[in-house]
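No lab work stands behind these numbers, since they all come straight from the coordinates. Values in this document were obtained by computation on a predicted structure and should not be read as measured data. Positions of Cβ are backbone-derived with ideal geometry, glycine not excepted, and every protein chain shown enters the neighbour counts.
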């Protein structure tokens, strides 16, 4: 899996432009040979006739994208969140934890009760970013009315440890940080089952 994060500039659909540039570089094809389409589970792309799994995330000032590498099977997911706006939003760690964490995850949150509010918010944001990446790699979202998963259905290890998804161990996770050190962007990457191959042939060729 390859990924990039770029400043959000320009008009039109800058997300598609970032995906096209990434797929073009990764698969050694001209940008004109890259097609980006929307499907029921988000975006997908083709490098010429080759299907390429892609994922996109937007956060204030930034666009992050990921794509599968040549010969790589499996779905990809990426999520990015800017730390400073979240830290300064007035969100209380305990309130956010009640929405985001599973019963198992609340154990590490309670164990971290003596940490600063800033540290606990940072750990929670990292957890959220990881969960979003997992959901994208699974081809779903948080909208339970449309078949999505509740945030608590994605169970992760403690955020200060190497990322792992205990509820969906088939999904591999990795953490990254981008942007300036004074205003970092938390990024997580997920690599999951081959969702494109699992689609009906009619949907694959749409």
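Quick notes
- Here the relative contact order of the chain, from alpha carbon pairs under 8 Å that lie six or more residues apart, stands at 20 percent.
- Candidates 134, 84, 100, ranked by Gaussian network fluctuation over the chain, Cα under 10 Å, top entry: 84
- Compared with the alpha-carbon gap, the fully stretched path from residue 9 to residue 69 is longer by 19.0 nm at 0.36 nm per residue.
- Rounded FRET efficiency, nearest 0.05, which uses the C-beta distance separating residue 87 from residue 153 and R0 of 25 Å: 0.40
- Structure-derived semi-axes √(5λ) of the Cα gyration tensor in Å: which label, when the choices are (i) 24, 21, 15; (ii) 31, 20, 14; (iii) 28, 25, 16: (ii)
- For 160, 62, order by how many other beta-carbon atoms lie within 10 Å, fewest first: 160, 62
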